[in-house]
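Visitor: Below is the structure I would like to discuss, written out as structure tokens.
The values are calculated or read from the model by the stated rules, or taken from the named source; none is laboratory data. Here the structure is a predicted model, which means the values were calculated and not measured. In this analysis, Cβ positions are derived from the backbone assuming ideal geometry, glycine residues included, and neighbour counts consider all displayed protein chains. Quick note on the areas: whole protein, heavy atoms, side chains included, nothing else; ligands and nucleic acids left out. Shrake-Rupley method; radii C 1.70, N 1.55, O 1.52, S 1.80 Å.
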Amino acid sequence: METARIINSLKRLGLTEYEARAYIALLEHGEADALEISRRSGVPRTRIYDILSRLESNGFIQGLKGTRPAIYVALPPSHTLKPLKDSIVEDIENTLNELEQLYLRNSS
């Protein structure tokens, strides 16, 4: 899958363009510091720390402790996307059940 399609898929899952680009850059190149991630992803240097903080808070990346400058590593996609997938599937199933009940109630 080409990078643009992956970015669009991640955006549909709730990531911003910059978050998706930074996460992909880490997946492609392994661990890196913020400036290297900025360079590889095209995320502006003025935004990279905020983006990395959000990715870390949401469980997509991890900062390695005790490194200067801070080094980040991407967590495996199976680890990061499985809870999101499960949540989306559950939301769809709940919505479908509620809509079916409405339909059945009003179609009699």
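Visitor: When you go through 59, 66, 42 one by one, which is the residue that is on the phi > 0 side of the Ramachandran plot and at pLDDT 95 or above?
Guide: 42
Visitor: Kindly provide the set of residues from the range 84-101 that are open to solvent by 80 Å² or more (accessible area, probe 1.4 Å) and of a type outside the set (Val, Ile, Thr), ordered by number. Steps first, please.
Guide: Pass one, the range 84-101, residues open to solvent by 80 Å² or more (accessible area, probe 1.4 Å): 85, 90-93, 96-101.
Listed by number, the residues that qualify are 85, 90, 91, 93, 96, 97, 98, 99, 100, 101.
Visitor: Which of the residues spanning the range 26-81 are assigned to a helix (DSSP H, G or I) and of a type in the set (D, E, K, R)?
Guide: 28, 36, 39, 40, 45, 47, 50, 54, 56 - these are the residues of the range 26-81 that are assigned to a helix (DSSP H, G or I) and of a type in the set (D, E, K, R).
Visitor: Take the residues in the range 71-80 that are of a type outside the set (Gly, Ala, Ser) and open to solvent by 50 Å² or more (accessible area, probe 1.4 Å), then tell me which one is nearest to residue 32 (Cα to Cα). Let's see the steps before the verdict.
Guide: Step one: of the range 71-80, the residues of a type outside the set (Gly, Ala, Ser) are 71-73, 75-77, 79-80.
Applying the additional criterion that residues be open to solvent by 50 Å² or more (accessible area, probe 1.4 Å) yields 76-77, 79.
On the way: 76: 15, 77: 17, 79: 20 Å.
Across the range 71-80, the extreme among qualifying residues is 76.
Visitor: Just to verify a result, which residue in the range 1-40, among those that are of a type in the set (Ser, Thr, Tyr) and open to solvent by less than 40 Å² (accessible area, probe 1.4 Å), is farthest from residue 92 (Cα to Cα)? Lay out the reasoning, then the answer.
Guide: Applying the first criterion (of a type in the set (Ser, Thr, Tyr)) to the range 1-40 yields 3, 9, 16, 18, 23, 38.
Adding the requirement that they be open to solvent by less than 40 Å² (accessible area, probe 1.4 Å) leaves 9, 23, 38.
Values: 9: 18, 23: 26, 38: 35 Å.
Ranking the candidates gives 38 first.
Visitor: Return the total of residues in the range 55-70 being open to solvent by less than 20 Å² (accessible area, probe 1.4 Å) and touching a residue at least 24 places away in the same chain (Cβ under 8 Å).
Guide: So in the range 55-70, the residues open to solvent by less than 20 Å² (accessible area, probe 1.4 Å) come out as 55, 60-61, 63.
Next cut, touching a residue at least 24 places away in the same chain (Cβ under 8 Å) only: 55, 60-61.
So the answer is 3.
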